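Below: the structure, in structure tokens.
The values are calculated or read from the model by the stated rules, or taken from the named source; none is laboratory data. Remember, predicted model here, so these are calculated numbers, not experimental data. Neighbour counts run over all protein chains shown; Cβ positions are idealised from the backbone, glycine included. Surface accessibility is based on the protein's heavy atoms, side chains included, excluding ligands, DNA and RNA. Shrake-Rupley method; radii C 1.70, N 1.55, O 1.52, S 1.80 Å.
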Amino acid sequence: ATASGLQHWAKLHVKWPPVDQLGEFLEVRVTDALNLHLVARKALSSGDLVLSESALLRVPDPSDDMRRQVDRRCGSKMAAFMCPAVAVDWSKVDDELQQAFMKLFWVHPLMRDRSNAVVQDSFSACRDLIKWHAPLKGWTADDLVRFLHIVDLNIHRDDEVPSHAHFAGIFVLGSKFSHSCSPNCTWSFASDGCLQYRALRAIAPGDLLTFSYVGNGMNLVVSTFQRRQRLASLWFLCQCSRCMGPDYSRQVVCPRCQEAKCMPKVESAEESALWTGERSLQESLLDAKTWECKACGSSCDAGEVPVMAEEEFSHLVPKMMSRPAESAAEDLPRAAELREKVARTLGKMHWTWVLATFAWLQKYLVVLRSEPTVEVDEAELQEGCSAIARWFEACLPESIEQ
């Protein structure tokens, strides 16, 4: 039933590959580990269009007034999860379409357990929402929780381009791309609202088609622990090849030999299998207790490395990167100081130093574009660019396309 349903709706929404050749380009497979997922049937080169399709269901942002109502009734913590239910124009959704998106997408088994502590609040909020939001009349709390969970796991939304807000939605095949912290594909919306996936690098027949749930570019630079914390809201613990290997992006100065090659010891990822939902997955994730130096071979407790400073920099550096362009001249010396502070505390192999250097270069670029004369040390700027490139080659070669 699922296979025939996917085939039926794909024919209606897929623009590329040609519908009559879809099976020559893409294959939907199912496994216990990945559930439904897409693999390539043909070789792809970097930049190739892998998929283009229109939305099965549009899920735009709700109006400001409706968002405030949901926030008042459900609380700010639950509102983001609940808002899609009031944002969809249900007058345009017939029974066939409703059954399609309820059946064609995976739902975590815990969502069916009303006694579970993690989902109890969702059921209660859905029962209340059905009572006061008239378009949801006829829905059951079970179905509404299922729908919201499907949206939470599968929605494609572009928060970086405001004009694309109304393109957000659920896509038949686009939602079958798997997650990886070293993805081989990236997606964007075309001007007509179609979802487009393109290859980031060469993809061989049989390769799993992947993208990053945590975003592209510098979002992928952060540590394994930080990525897993972000992904935990989607109810899974990433076990891609990068997450299961040494965390080279998190190297700090070794307390023994002073080389910046001390990193968390790789530990098993059994938390996901043992997670029962009694508390959130974010709360269940545990950071490494032991760190190992790849230079001198010594081990040390987490308390011997500057994890508190690391936590502080993990907030300060992205904050500096997101500062407005208008304040670039003012921010430039602050970015330089932050970069030096990270280097002294953690070393130049830690991801926060890479992003701090990127932020520093970013400020210089903005100033160079707006000021007629700027005093710069060109050699220092070149070295900053080269340092980032060397870091990617050494620590994140599988994502160097980013």
| Arg146 is checked against (1) more than 28 Å from the chain's Cα centre (by Cα); (2) open to solvent by 10 Å² or more (accessible area, probe 1.4 Å) and fails just one. What number does that condition carry? | (1)
| note | Exactly one of Val14, Val50 is touching a residue at least 12 places away in the same chain (Cβ under 8 Å), farther than 13 Å from Ser175 by Cβ and surrounded by 18 or more Cβ atoms within 10 Å (Cβ to Cβ), and that one is Val50
| task | Go through the range 103-113 and count every residue that is open to solvent by 20 Å² or more (accessible area, probe 1.4 Å), within 16 Å of Leu153 (Cα to Cα) and either in contact with a Lys or Arg (Cβ under 9 Å, 6 or more places away or on another chain) or in a loop (DSSP other than H, G, I, E, B) (or both). | result | 3
| note | Reported set for the range 208-226 where residues are crowded, with 21+ Cβ neighbours inside 10 Å and over 28 Å from Trp353 (Cα atoms) is Leu209
| note | Of the candidates Leu148, Leu173, Leu195, Leu136, the one satisfying the condition of being among the hydrophobic types (A, V, I, L, M, F, W, C), within 23 Å of Arg68 (Cβ to Cβ), in contact with a Leu (Cβ under 8 Å, 6 or more places away or on another chain) and in contact (Cβ under 8 Å) with a residue 40 or more places away in the chain is Leu136
| request: Give the residue, chosen from Phe101, Phe81, that is modelled with pLDDT under 95 and in contact with a strand residue (DSSP E or B) (Cβ under 6 Å, 6 or more places away or on another chain). | output: Phe101
| task | Would you mind stating whether Asn154 is open to solvent by 10 Å² or more (accessible area, probe 1.4 Å) and farther than 22 Å from Pro62 by Cα? | result | no
| If you take the residues in the range 143-168 that are among the aliphatic types (A, V, I, L, M) and assigned to a loop (DSSP other than H, G, I, E, B), which one is farthest from Met82 (Cα to Cα)? | Val161
| Counting only residues that are hydrophobic (A, V, I, L, M, F, W, C), surrounded by 23 or more Cβ atoms within 10 Å (Cβ to Cβ) and part of a strand (DSSP E or B), how many does the range 169-207 have? | 3
| message | Looking at the range 30-47 only, could you name the residues that are under 20 Å from the mean Cα position of the chain (by Cα) and exposed (fewer than 12 other Cβ atoms within 10 Å of the Cβ)? | response | Ala33
| query | Failed condition for Gln229, given (1) in contact with a Leu (Cβ under 9 Å, 6 or more places away or on another chain); (2) open to solvent by 70 Å² or more (accessible area, probe 1.4 Å); (3) assigned to a loop (DSSP other than H, G, I, E, B), with all others met? | reply | (3)
| Filter result for Trp90 (among the aromatic types (Phe, Trp, Tyr), open to solvent by 40 Å² or more (accessible area, probe 1.4 Å) and in contact (Cβ under 8 Å) with a residue 40 or more places away in the chain) | no
